[in-house]
Amino acid sequence: MTDTQPNILFILTDQQRQDSMAAYGNDWIDARNLDELAGQSFIFENCYCTQPVCTPSRGSLMTGLYPHSTGVVRNKIPLPADVPSLGELMPDNYHNAHMGKWHLGDDVIAQRGYDTWVAIEDFHRPYSKKEYRNVEPEYNNWLREHGVTPPPHTQSYEAWMGGAGLTEEQTQAGFLGHVASQFIRDYPNRQDAKTPWLLHVNFFEPHPPYTGPLNELYAPDEIDVGPAFMQRPDGGSLINRLRADYYLGGGNNPLGLEGGDTHDTTTEAGWRKLRAQYFANVTLIDRQVGRILAALKESGQSDRTIIVFASDHGEMAGDHGMCEKRSLYEESVRVPLFIHIPWLNNGKPNRIEGSVSLVDMMPTLLELAGAKPPQDIHGRSRVDVLRGEADLSENDVFVEWNGFGDRNLGNPEINRMAAIPWRSVISADRFKLNLSPVDQGELYDLANDPYEQHNLFDEPAQRDRVRDLAARIRLWQMETGDDIALPTV
């Protein structure tokens, strides 16, 4: 694809829903830098995470395996040492750099094949070896330099930031924009300047809390909302109805409450404010992406650098009456994915129809770097799609939820139902079947009901379709070693 091995800049955000930029239909948000990148990239129209929560999804991104295979089925589980990850499998001549949120073990200490490591949080210190317990993330010094006392290592950024009153530059996003730009700008002057690099920039935002330095950017009563906004999913699963009841009844993100991130979720005005502030944090990210892309251009490395932009999962932001993720609704499992390859895009966008999974990212990046992906993984390289030699028109995508809730989600009833596993398939013809061994099944016609307001699971006319989609899930389970028992349909 190019005479020399390319640099790879992989920008990953946390909890960014797909419809948060113009490429996916948002005509009001200010995401000008991402819009410009999309205008020169392959835009995947339907990209799905493997599980809508941070650690399992990131495990799939780094290994090409589904969560049930890595064993990373919830947050607070480190990636097993015997599961090879992207940094370890990159060609030996690459300089691998990781900056930002890791969430697959010890966030502070360099590991898994990375030569440069810049940490932003030490809340995951329980993962650390004893000798590392006094090592701090670089972000702490950034805060001190800007006159802010860092949070204690016993408190997460999510629980602290809501009451910290940070400026743009003081946020984790501002710090990563600075250090990533510096790395890129300085690289041509290094002794190993001819060595290609892989740079992960893993932003925390727009993950909750639903607050930030740009809170006043969007007028809550002027932002667009869809037909599922604040609508209880009466025909859906019990877990979704319980979560909607909790939030519509005034519930807030329990972790955010620790830092004073409170919202009146009993009123439309309160929900709109929360939603406006969430999207403002997307703009916060966009400004830092612009900073990084400017450094890439100024350094003269743009023509040989592949840029990937994605998120680990989405955010409900009031749709179906819910916040956060941990749901199989599109707002939670469908994410943006752009891949910019200068010698293939030629400054133009290319829309990729069909569906793709984040489990495919690791083998795709390895092949782009000139390495052969492992044979014993679930994901597959999509370089043939980027080259125009194949398409995704027949590709089914699978999403899972593995229960074992990693924290309190609001009340005991929700926590009990969140411990129940789910398996989901999104078929090539845009039907989604969600199955659980206990809860109400769900079938949605995404082509004609994109907001998933009409559960077709119990309709007699759909029985054969349910059986066919359930068979696809069963075959996928057999192929990937998944032993979760699902109901007979």
(message) For segment 12-33, give me each residue that is part of a loop (DSSP other than H, G, I, E, B) and either of a type outside the set (A, V, I, L, M, F, W, C) or in contact with a Leu (Cβ under 6 Å, 6 or more places away or on another chain) (or both).
(response) ASP14, GLN15, GLN16, ARG17, GLN18, ASP19, SER20, MET21, GLY25, ASN26, ASP27, ASP30
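Inspect all residues belonging to segment 26-39 and state whether any of them is out of contact with any helix residue (DSSP H, G or I) (no Cβ under 6 Å at 6 or more places or on another chain) and more than 30 Å from ASN346 (Cα to Cα). Full working, then the answer.
Of the residues in segment 26-39, the ones out of contact with any helix residue (DSSP H, G or I) (no Cβ under 6 Å at 6 or more places or on another chain) are 26-28, 32, 36-37, 39.
Applying the additional criterion that residues be more than 30 Å from ASN346 (Cα to Cα) yields none.
The answer is no, given that none of the residues of segment 26-39 is out of contact with any helix residue (DSSP H, G or I) (no Cβ under 6 Å at 6 or more places or on another chain) and more than 30 Å from ASN346 (Cα to Cα).
Only helices (runs of 4 or more DSSP H) wholly contained in segment 342-402 count here; list those with 2 or more residues that are closer than 27 Å to LYS297 by Cα and among the aliphatic types (A, V, I, L, M).
Working: elements: 342-345, 361-368, 383-386.
Where helices (runs of 4 or more DSSP H) fall fully within segment 342-402 and carry at least 2 residues being closer than 27 Å to LYS297 by Cα and among the aliphatic types (A, V, I, L, M), they are 361-368, 383-386.
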(request) Identify all residues within segment 217-243 that are over 15 Å from MET316 (Cα atoms), open to solvent by 40 Å² or more (accessible area, probe 1.4 Å) and under 24 Å from the mean Cα position of the chain (by Cα); write none if there are none. (result) LEU217
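Counting only residues that are assigned to a helix (DSSP H, G or I), more than 26 Å from ASP234 (Cα to Cα) and of a type outside the set (A, V, I, L, M, F, W, C), which one in segment 244-281 is most open to solvent (accessible area, probe 1.4 Å)?
Per the stated criteria, the residue is GLU258.
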(message) Any residue in segment 334-349 that is more than 26 Å from ARG17 (Cβ to Cβ) and open to solvent by less than 60 Å² (accessible area, probe 1.4 Å) sitting within a Cβ distance under 9 Å of a residue that is of a type in the set (S, T, N, Q) and assigned to a helix (DSSP H, G or I)? List the pairs, counting only those 6 or more apart or interchain.
(response) PRO342/SER302
(request) May I ask you to list the residues in segment 161-174 that are open to solvent by 10 Å² or more (accessible area, probe 1.4 Å) and in a helix (DSSP H, G or I)? (result) MET161
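Against the condition open to solvent by 10 Å² or more (accessible area, probe 1.4 Å) and farther than 26 Å from GLN277 by Cα, how does LEU9 come out, does it pass?
Numbers: open to solvent by 10 Å² or more (accessible area, probe 1.4 Å): no; farther than 26 Å from GLN277 by Cα: yes.
Here the answer is no, as LEU9 does not meet what is asked.
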(message) Within segment 388-407, take every residue that is of a type in the set (A, V, I, L, M) and surrounded by 18 or more Cβ atoms within 10 Å (Cβ to Cβ) and give me the one that is nearest to ASP312 (Cα to Cα).
(response) VAL399
(request) Please state which one of ASN134, ASN141 is within 19 Å of TRP102 (Cα to Cα), at pLDDT 90 or above and surrounded by fewer than 14 Cβ atoms within 10 Å (Cβ to Cβ). (result) ASN141
(request) Tell me which residues, restricted to segment 69-117, are among the β-branched types (Val, Ile, Thr) and either surrounded by fewer than 22 Cβ atoms within 10 Å (Cβ to Cβ) or touching a Leu at 6+ places or on another chain (Cβ under 8 Å) (or both). (result) THR70, VAL72, ILE77, VAL83, ILE109, THR116
(request) Among the residues of segment 92-111, write down those that are in contact (Cβ under 8 Å) with a residue 40 or more places away in the chain and under 23 Å from the mean Cα position of the chain (by Cα). (result) ASN96, ALA97, HIS98, MET99, GLY100, LYS101, TRP102, HIS103, LEU104
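If you take the residues in segment 425-438 that are of a type in the set (Gly, Ala, Ser) and surrounded by fewer than 23 Cβ atoms within 10 Å (Cβ to Cβ), which one is nearest to SER237 (Cα to Cα)?
Step one: filter segment 425-438 for residues of a type in the set (Gly, Ala, Ser), giving 427-428, 436.
The next check asks that each one be surrounded by fewer than 23 Cβ atoms within 10 Å (Cβ to Cβ); those that pass are 427-428.
Values: SER427: 20, ALA428: 23 Å.
Among residues in segment 425-438 that are of a type in the set (Gly, Ala, Ser) and surrounded by fewer than 23 Cβ atoms within 10 Å (Cβ to Cβ), the one nearest to SER237 (Cα to Cα) is SER427.
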(request) May I ask you to list the residues in segment 403-433 that are assigned to a strand (DSSP E or B) and without any contact (Cβ under 8 Å) to a residue 60 or more places away in the chain? (result) VAL425, PHE431, LEU433
(message) I'm checking my understanding of the structure. Among residues of segment 297-313 that are touching a Cys at 6+ places or on another chain (Cβ under 8 Å) and assigned to a loop (DSSP other than H, G, I, E, B), which one is farthest from TRP271 (Cα to Cα)?
(response) ASP312
(message) I'd like to verify a number: residues in segment 34-75 that are closer than 18 Å to GLU330 by Cβ and not in a helix (DSSP H, G or I), how many?
(response) 11
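Give the number of residues within segment 350-387 that are among the small types (Gly, Ala, Ser) and under 28 Å from SER20 (Cβ atoms). So that I can check it myself, show each step before the final result.
In the first step, residues of segment 350-387 are kept if they are among the small types (Gly, Ala, Ser); the result is 354-355, 357, 369-371, 379, 381.
Filter again for under 28 Å from SER20 (Cβ atoms), leaving 354-355, 357, 379, 381.
The qualifying residues number 5.
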(request) Tell me, yes or no, whether segment 78-86 has at least one residue that is part of a helix (DSSP H, G or I) and closer than 30 Å to GLU353 by Cβ. (result) yes
(request) Check VAL179, VAL201 and return the single one that is modelled with pLDDT of 95 or more, within 28 Å of GLY300 (Cα to Cα), in a helix (DSSP H, G or I) and not small (Gly, Ala, Ser). (result) VAL179
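One line per residue, one yes/no per condition, for (1) touching an Asp or Glu at 6+ places or on another chain (Cβ under 8 Å); (2) free of Cβ contacts under 8 Å to residues at least 24 places away in the same chain; (3) under 26 Å from TRP28 (Cα atoms):
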site	(1), (2), (3)
ARG185	yes, no, no
PRO188	no, no, no
GLN191	no, yes, no
HIS200	no, no, no
LEU214	yes, no, yes
PHE229	yes, no, yes
ASP234	no, yes, no
PRO254	no, no, no
(message) Of the residues GLY410, GLY481, GLY379, only one is on the phi > 0 side of the Ramachandran plot and crowded, with 18+ Cβ neighbours inside 10 Å; which?
(response) GLY410
(request) Can you confirm whether segment 196-216 contains a residue that is open to solvent by 50 Å² or more (accessible area, probe 1.4 Å) and either of a type in the set (Gly, Ala, Ser) or more than 27 Å from PRO254 (Cβ to Cβ) (or both)? (result) no
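The values are calculated or read from the model by the stated rules, or taken from the named source; none is laboratory data. Note that this is a predicted model, so its numbers are computed, not measured. Positions of Cβ are generated from backbone atoms using ideal geometry, with glycine treated the same way; all protein chains shown enter the neighbour counts. SASA here: full protein model, heavy atoms, side chains in, ligands and nucleic acids out. Shrake-Rupley method; radii C 1.70, N 1.55, O 1.52, S 1.80 Å.
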